[in-house]
Amino acid sequence: MSEYTASEHLECAAGNGLLDRRFFLRSGVGIATLGYVLREPAKADPLPLEPWMTAPNGPLPAYDRPSRFEAKVVRGGSGGPPGLNPGLRQFPGVTNIKTPLHLLTGTITPGGLHHARLHSGVPDIDPDKHQLLLHGLVKRPLVFSVEALSRYPMESHIYVHECGGNSELMYEEEPSKAGVMGIHGQVSCSEWTGVRLAMLMEEAGVDPKAKWILAEGADASAMTRSVPMEKIMKDALVALYQNGERVMPSNGYPMRLLLPGFEGNMQVKWLRRIKALAGPTESRDETSKYTMTHPDGMSTQFNLYMEAKSVITQPAPELKMRGPGFYEISGLAWSGYGKVVKVEVSADGGKSWAPARLEGPGSMFAMTRFRIPWQWNGGPAILQSRATDNTGYVQPTRAALFAKRGPWSNYHANMITSWSIASTGDVTHVYA
Amino acid sequence: MRSRLISLALMLTLTATVALADQGPHFGRPATPDEISSWDIDVSPDGTGLPPGSGTARLGETVYAQKCLACHGANGEHGPSTPLVGGRGTIGVPGVRPVKTFGSFWPYATSFFAYVRRAMPYDKPKSLTNDELYAVTAYVLRLNGLVGADDVINALTLPKVRMPNRDGFRPWARGD
């Protein structure tokens with residue numbers, strides 16, 4: 001008798017073995033329904049007494065770190081965007097480092113694993129010397145020390161942060177072999193705590209003529225972006241804390257700008273200057289970069305919001321399947337317009353879809369984790385996920401996005417990703 | 001006497017109103033114009049923010065050779081870092097991948113000046129003098145055939161340089 005015969009007993013929610021998302025939540029569903037047959041206990045040695053069970057261990061670290069057995073859980077996938085002149089690699093400060101999405105679960109990214117795009121390395125900022133200047137079209141130009149800002153009323157919000165260039169490998173002609181970290185790892189989610197920028201702007205007294213601000217970083221490249229004043233006064237945050245501790249150095253220590261839902265590059269790190277202006281300064285990173293060139297040659301500028309997107313993080317190309325049987329398909333979904341209300345998963349390349357179970361804070365701009373049980377029969381499968389957000393927007397296919405934007409728009413790549421499962425258990429990225 | 005009482009009451013009311021408007025943290029300290037000047041390095045397309053000084057492409061060639069050539073290559077074409085010339089006529093051509101350089105893609109020359117001013121040279125940003133900034137900007141404009149070797153580039157002339165892709169941008173709207 002076979003050890004595991006679930007598939008013949010289960011009603012599938014969609015083709016190729018996808019089960020109902022609530023399968024394990026239903027009352028009365030247990031091992032018997034799943035078709036497990038308990039094997040006769042075999043004769044075996046007693047369970048071992050390992051060394052850590054029989055002797056106390058050393059001192060407690062003042063700041064805990066993951067187990068030494070988790071050393072593989074690190075950021076990676078650096079190397080810059082496709083087509084980047086390989087010579088640029090000689091500038092180690094011009095890089096990006098990505099979140100290992102395939103090795104994490106839940107919705108919060110540990111601070112040390114939050115993705116980062118750098119233009120001149122990570123500045124080593126002394127917080128006692130850092131200052132935030134607020135000037136331009138204001139009545140009272142002001143300077144804030146970190147200590148001064150720390151005395152303001154604060155707010156905590158769970159916000160996704162996604163680079164405008166995340167997933168740009170999806171524009172490549174051939175499917176990238178970079179894996180889920182390399183393709184999609186420039187998205188992370190943290191609880192950010194800081195001061196509402198609107199409060200500081202009001203203290204400075206904004207001139208009604210000021211419709212934009214310039215935000216500038218204290219790193220050597222002085223990253224500069226323009227942001228509409230409307231967004232600044234609505235919900236911009238000067239974040240001092242990330243997941244309860246001070247913002248990580250590669251994410252802007254001692255302070256960064258947060259613009260929930262907007263593309264990551266605008267959320268200037270190591271924030272040193274806010275200048276109120278009548279119009280944008282048309283900085284390098286809002287003209288020559290972070291603009292999307294359409295087939296007619298026109299480039300769209302100030303591509304503010306990140307559209308809804310989802311990606312399956314387990315399985316992923318970095319994770320080989322361990323033979324047929326039960327798997328939980330899991331992934332991340334988010335929307336710059338608010339929140340994801342539905343994620344559907346397909347195991348047959350988009351022919352049929354089943355709704356996944358959603359987890360997460362459920363608040364605006366927070367990350368959503370989706371899960372759905374899957375009975376893999378060992379045959380070929382193509383896994384896809386498709387997010388729908390609170391505005392009714394549905395994540396498009398790659399073909400649909402290309403039809404609209406063409407292949408050279410570089411940024412805001414939110415098309416559906418396909419993981420092909422081979423009978424060998426290998427997972428590869430395909431265009432389907 | 002009575003009128004004095006009234007005016008006193010009025011004064012008290014005014015004081016209370018001011019105090020109310022003044023509530024809040026107010027932990028920022030005033031920034032003086034002198035303090036602001038060292039950080040106020042952005043430049044707008046109309047030239048606002050451009051400093052005094054000037055330069056020509058002929059003078060800029062020396063600056064380029066000393067501070068830029070190692071990364072951007074001779075004539076701005078081939079180096080380990082981003083090319084500064086080339087790509088003209090590749091934007092919006094069906095079947096052709098756009099080659100985006102300062103010459104072919106950037107809409108404003110002022111953005112180039114501002115970028116070099118804050119971020120270049122890579123190993124020593126914010127080290128060029130204003131004259132060096134104008135000169136090297138003039139040189140790279142010259143490499144792209146957009147100014148003459150002896151054209152004087154300064155706060156008045158730089159915003160007037162018309163970049164070839166000036167009209168190649170439009171504001172994004174949802175659905176783009």
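Scanning the stretch A:124-141 for residues being assigned to a loop (DSSP other than H, G, I, E, B) and within 11 Å of another protein chain (Cβ to nearest Cβ) gives a total of 3. All told, B:Asp131 meets the bar of being away from chain A (no Cβ under 14 Å), buried (at least 16 other Cβ atoms within 10 Å of the Cβ), over 30 Å from A:Tyr305 (Cα atoms) and at pLDDT 95 or above. Counting only helices (runs of 4 or more DSSP H) that sit wholly inside the stretch B:53-135, those with at least 3 residues that are over 23 Å from A:Tyr290 (Cβ atoms) are B:57-67. Identify, please: which residue in the stretch A:142-159 is over 30 Å from A:Met367 (Cβ atoms) and small (Gly, Ala, Ser) and is, among those, nearest to the other protein chains (Cβ to nearest Cβ)? Filtering the stretch A:142-159 for residues that are over 30 Å from A:Met367 (Cβ atoms) and small (Gly, Ala, Ser), the one nearest to the other protein chains (Cβ to nearest Cβ) comes out as A:Ala148. Residue under question is A:Thr99, and the condition is that it be crowded, with 21+ Cβ neighbours inside 10 Å and under 30 Å from A:Arg371 (Cα atoms); does it hold? In short, yes. Residues in the stretch A:72-88 that are of a type outside the set (Ser, Thr, Tyr), part of a loop (DSSP other than H, G, I, E, B) and at pLDDT 60 or above: 5 in all.
Do we have any residue at all in the stretch A:371-385 that's closer than 18 Å to A:His429 by Cβ and under 18 Å from the mean Cα position of the chain (by Cα)? Within the stretch A:371-385, one or more residues are closer than 18 Å to A:His429 by Cβ and under 18 Å from the mean Cα position of the chain (by Cα). If you filter the stretch A:265-283 down to residues that are charged (D, E, K, R) and buried (at least 23 other Cβ atoms within 10 Å of the Cβ), you find that the one that is nearest to B:Thr48 (Cα to Cα) is A:Lys275. Scanning the stretch A:259-286 for residues that are of a type in the set (Asp, Glu) and not in a loop (DSSP other than H, G, I, E, B) yields A:Asp285, A:Glu286.
Taking the criterion of being part of a strand (DSSP E or B), crowded, with 18+ Cβ neighbours inside 10 Å and within 11 Å of chain A (Cβ to nearest Cβ), the only residue of the stretch B:153-176 that qualifies is B:Phe169. Condition first: closer than 14 Å to A:Val247 by Cα and not in a loop (DSSP other than H, G, I, E, B). Now tell me which residues in the stretch A:98-123 satisfy that. Within the stretch A:98-123, A:Gly111, A:Gly112, A:Leu113, A:Ala116 meet the criteria. Scanning the stretch A:302-328 for residues that are buried (at least 19 other Cβ atoms within 10 Å of the Cβ), touching a helix residue (DSSP H, G or I) at 6+ places or on another chain (Cβ under 8 Å) and in a strand (DSSP E or B) yields A:Val311, A:Ile312, A:Thr313, A:Gln314.
Residues A:Ser330, A:Ser335, A:Ser288, A:Ser346: which one is closer than 20 Å to A:Pro407 by Cα and either polar (S, T, N, Q) or away from chain B (no Cβ under 14 Å) (or both)? The match here is A:Ser288. Answer with yes or no whether A:Leu10 is under 17 Å from A:Val345 (Cβ atoms), at pLDDT below 65 and surrounded by 11 or more Cβ atoms within 10 Å (Cβ to Cβ). For A:Leu10, the condition - under 17 Å from A:Val345 (Cβ atoms), at pLDDT below 65 and surrounded by 11 or more Cβ atoms within 10 Å (Cβ to Cβ) - is met.
So which residues in the stretch A:257-310 are of a type in the set (Phe, Trp, Tyr) and closer than 30 Å to A:Ser145 by Cβ?
Across the stretch A:257-310, the qualifying residues are A:Phe262, A:Trp270.
For the stretch B:35-52, the set of residues classified as farther than 23 Å from B:Asn165 by Cβ and not in a helix (DSSP H, G or I) consists of B:Ser38, B:Trp39, B:Asp40, B:Ile41, B:Pro51, B:Pro52, listed by residue number. Exactly one residue out of A:Phe24, A:Phe69, A:Phe91 is modelled with pLDDT of 95 or more and of a type in the set (Phe, Trp, Tyr): that is A:Phe69. Looking at B:Ala109, B:Ala138, B:Ala114, which one is buried (at least 20 other Cβ atoms within 10 Å of the Cβ), touching a residue at least 60 places away in the same chain (Cβ under 8 Å) and more than 9 Å from every other protein chain (Cβ to nearest Cβ)? Residue meeting the stated conditions: B:Ala138. With respect to being more than 14 Å from every other protein chain (Cβ to nearest Cβ), more than 17 Å from the chain's Cα centre (by Cα) and either among the hydrophobic types (A, V, I, L, M, F, W, C) or within 28 Å of A:Ile213 (Cα to Cα) (or both), A:Pro254 fits the description. Looking across A:Lys275, A:Lys209, A:Lys269, A:Lys231, one residue alone is away from chain B (no Cβ under 12 Å) and more than 28 Å from A:Leu332 (Cα to Cα). It is A:Lys209. Criterion applied to A:Gly112, A:Gly106 was being surrounded by fewer than 21 Cβ atoms within 10 Å (Cβ to Cβ), at pLDDT 95 or above, on the phi > 0 side of the Ramachandran plot and not β-branched (Val, Ile, Thr), and the one residue passing it is A:Gly106. Apart from one condition, A:Phe365 fits all of (1) among the aromatic types (Phe, Trp, Tyr); (2) crowded, with 23+ Cβ neighbours inside 10 Å; (3) on the phi < 0 side of the Ramachandran plot; the exception is (3). Taking the stretch A:381-392, which residues are in contact (Cβ under 8 Å) with a residue 40 or more places away in the chain and surrounded by fewer than 17 Cβ atoms within 10 Å (Cβ to Cβ)? The answer is A:Asn390, A:Thr391. Taking every residue in the stretch A:419-432 that is more than 16 Å from A:Ile183 (Cα to Cα) and in a strand (DSSP E or B) and pairing it with any residue that is modelled with pLDDT of 95 or more and among the small types (Gly, Ala, Ser), at least 6 positions away or on another chain, the pairs with Cβ-Cβ distances below 9 Å are A:Ile421/A:Ala347; A:Ile421/A:Gly379; A:Ile421/A:Ala381. In the stretch A:156-168 there is at least one residue matching the filter, namely being surrounded by fewer than 19 Cβ atoms within 10 Å (Cβ to Cβ), farther than 26 Å from A:Lys72 by Cα and modelled with pLDDT of 95 or more. In summary, helices (runs of 4 or more DSSP H) completely within the stretch A:148-258 and bearing 3 or more residues that are over 16 Å from A:Ile274 (Cα atoms) occur at A:179-184.
The listed residues are B:Arg29, B:Arg88, B:Arg97, and the only one of them that is surrounded by fewer than 17 Cβ atoms within 10 Å (Cβ to Cβ), under 30 Å from A:Glu173 (Cα atoms), within 7 Å of another protein chain (Cβ to nearest Cβ) and of a type in the set (D, E, K, R) turns out to be B:Arg97.
The values are calculated or read from the model by the stated rules, or taken from the named source; none is laboratory data. Note that the structure is predicted; figures quoted are calculated from it, not measured. No Cβ is skipped: glycine too gets one built from the backbone with ideal geometry, and neighbour counts run over all protein chains shown.
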